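Reviewing the structure listed below.
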């Protein structure tokens with residue numbers, strides 16, 4: 001009988017116990033993040049649409065060009081984008097404009113927090129756009145997870161390999 005090196009055995013045990021277990025949590029975590037922050041995006045956008053004059057004035061005060069157009073654009077993006085995140089439909093695609101919107105929020109309404117990112121990182125991390133931005137970046141990179149309409153559509157669509165096998 002060949003004995004394994006203790007380091008190899010430890011690495012395999014670590015992988016079997018921790019890495020596989022942690023990997024099983026990926027899809028539920030993505031679901032929870034999408035549901036919570038998708039709903040928050042929706043509520044935020046709905047609130048902006050309900051007070052579009054106030055949002056327009058706020059954007060104008062920040063020096064954002066075409067403040068009324070941009071107020072409607074951001075509010076609609078947050079409403080629709082939030083619902084799409086909730087459903088997990090077009091998740092990576094909608095994460096792109098939402099990421100841009102949150103980055104613009106940092107660059108305009110949270111300029112101080114952004115400029116202090118290295119000297120006072122807690123200010124940056126506690127700013128309103130941070131968790132919205134973090135969720136968008138995570139969904140953009142990892143996708144919406146297995147519990148999403150994107151995953152259902154992917155399972156229903158034939159793959160190219162099976163299409164080529166049928167020919």
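The set of residues in region 90-113 being more than 19 Å from the chain's Cα centre (by Cα) and either in contact (Cβ under 8 Å) with a residue 12 or more places away in the chain or under 30 Å from residue 154 (Cβ atoms) (or both) consists of 108, 109, 110, 113.
Residue count for region 20-53 under the criterion of being over 19 Å from residue 135 (Cα atoms), surrounded by 11 or more Cβ atoms within 10 Å (Cβ to Cβ) and modelled with pLDDT under 95: the result is 0. Every listed requirement among (1) in contact with a helix residue (DSSP H, G or I) (Cβ under 7 Å, 6 or more places away or on another chain); (2) loosely packed, with under 14 Cβ neighbours inside 10 Å is met by residue 12 save one, (1).
Within region 149-167, residues that are under 20 Å from residue 35 (Cβ atoms) have Cβ atoms under 6 Å from residues that are part of a helix (DSSP H, G or I) and at pLDDT 95 or above in these pairs: 149/87; 150/91, counting only partners at least 6 apart in sequence or on another chain. Those helices (runs of 4 or more DSSP H) of region 105-167 in which 2 or more residues are in contact with a helix residue (DSSP H, G or I) (Cβ under 6 Å, 6 or more places away or on another chain), at pLDDT 95 or above and under 21 Å from residue 85 (Cα atoms) occupy 129-142, 149-156.
The values are calculated or read from the model by the stated rules, or taken from the named source; none is laboratory data. The shown structure was predicted, so the numbers you read here are calculated from the model rather than taken from an experiment. Heads up, the Cβs are rebuilt from the backbone with ideal geometry, glycines too, and the neighbour counts pull from every protein chain shown.
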